[in-house]
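The values are calculated or read from the model by the stated rules, or taken from the named source; none is laboratory data. On a predicted model such as this, the values are computed, not experimentally measured, just so you know. Ligands, DNA and RNA are excluded from the accessible area calculation, which covers all protein heavy atoms including side chains. Shrake-Rupley method; radii C 1.70, N 1.55, O 1.52, S 1.80 Å.
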Amino acid sequence: MPAVTADTLTLPRLPQPSEQETRWRRVTHTVTAARSLEGEGFEVRRPFPGVDLSMADPFLLLDHMGAVEYGPGEAKGTPWHPHRGFETVTYIMDGAFAHQDTTGGGGLISDGATQWMTAGAGIQHIEQPPPELVAKGGLFHGVQLWVNLPRDAKWTRPRYQDIRARDVKLLSSADGASLVRLIAGELAGHQGPGLTHTPITYLHATIAPGARLGLPWPRDFNALVYPVSGEGFAGVEERPLPEGTLAVYAGPGAGDALRVRAADRQPQAAANGWEVLILGGRPLREPVARYGPFVMNTREEIVQAFEDFQAGRMGSIPAVEVPHRTSADEPVKPQD
Ligand code: MN
């Protein structure tokens, strides 16, 4: 996949947690992602939310889009829709997604880029495959993560972070067998580019066939591992973790490090190694009231969100759509 690749020999090395002295987090359970149709009818695999929201707190939702080889005319997106009270984080590994919102933000997210949209007090946006992808078809593979905002940040001004592929912090495992792309948060003293409202860590690792990856992990974070391509195992107990299955590790306080291992043999799509997302954060432990595109603390705030949206208080859709650029280098500026 063209999500950023690099020669691990030239990268800063992560420390190897000691086998004897490390308290490894155990895997408490695994969850098979549910398949559903989103937007104008594209399929996603959704490992959470499941029945227990608290296991992923402060994360609310993960949608795995593809990998899919679109034929001409098949690629789909979403129409204009609102959000309030949280952040949508879209990471594209293959292909591209074009985005525009009612604050004038927008751009093309492609090949290892991330768009971090803080809906805050309210925003509307549209997410579409670019015209070239619709016309010609092609490979598409991405994920959208929803990150909750704490109560005092739900009314923050909407914000847009365009995290280009080259901004991602690239690191190597101690043995050089794994490439770690740190998108947001801190890992062993290294900092990813994404600005977050509460402490989280979000990374994409490529682990060579047969290799182990051990990562120091903040004690007060929860921990989730989700493979987007290939085969491997979660935890020191090596629980099988096929593509589309989420591993939930024991929660805050249960250990200082995480481990995964790539299977010795990988399918063609994971020829470079097992591709996994590893994420966690400090739980907010606040009440969650969610309905559709709004995530607040109380039911009254959800009712208010619908009223505000109906009354046009979440921005207005521009009469003319901003043309999408063919490069992810700069966000598209609103036209006068
Ligand atoms: Mn959306």
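Excluding ligands, DNA and RNA, the accessible surface per residue across the chain is 41 Å² with a 1.4 Å probe. Within a straight-line Cα-Cα reach of under 13 Å, residue 169 can be paired with the following aspartates and glutamates, leaving aside sequence neighbours fewer than 8 residues apart in one chain: 186. For the chain, the longest principal axis of the C-alpha atoms and the axis of helix 299-310 are separated by about 50°.
At a 1.4 Å probe, what is the % contribution of carbon and sulfur to the accessible area of the chain?
Details: 7120 of 13900 Å².
The value for the chain is 51 percent carbon and sulfur by accessible area.
Please say if segment 102-179 is rounded, prolate or oblate, where rounded means a/c under 1.5 for a ≥ b ≥ c the square roots of the C-alpha gyration tensor eigenvalues, and otherwise the choice is prolate for a/b larger than b/c and oblate otherwise? The partial results should precede the final answer.
Numbers: a/c = 2.56, a/b = 1.18, b/c = 2.17.
Since a/c reaches 1.5 but b/c is at least a/b, the shape of segment 102-179 is classed as oblate.
Summarise the long-distance tail of P(r) for the chain by giving the % of C-alpha pairs beyond 32 Å. Intermediate values should be presented prior to the final figure.
Details: 14693 of 56280 pairs.
Across the chain, Cα pairs with separations above 32 Å total 26 percent.
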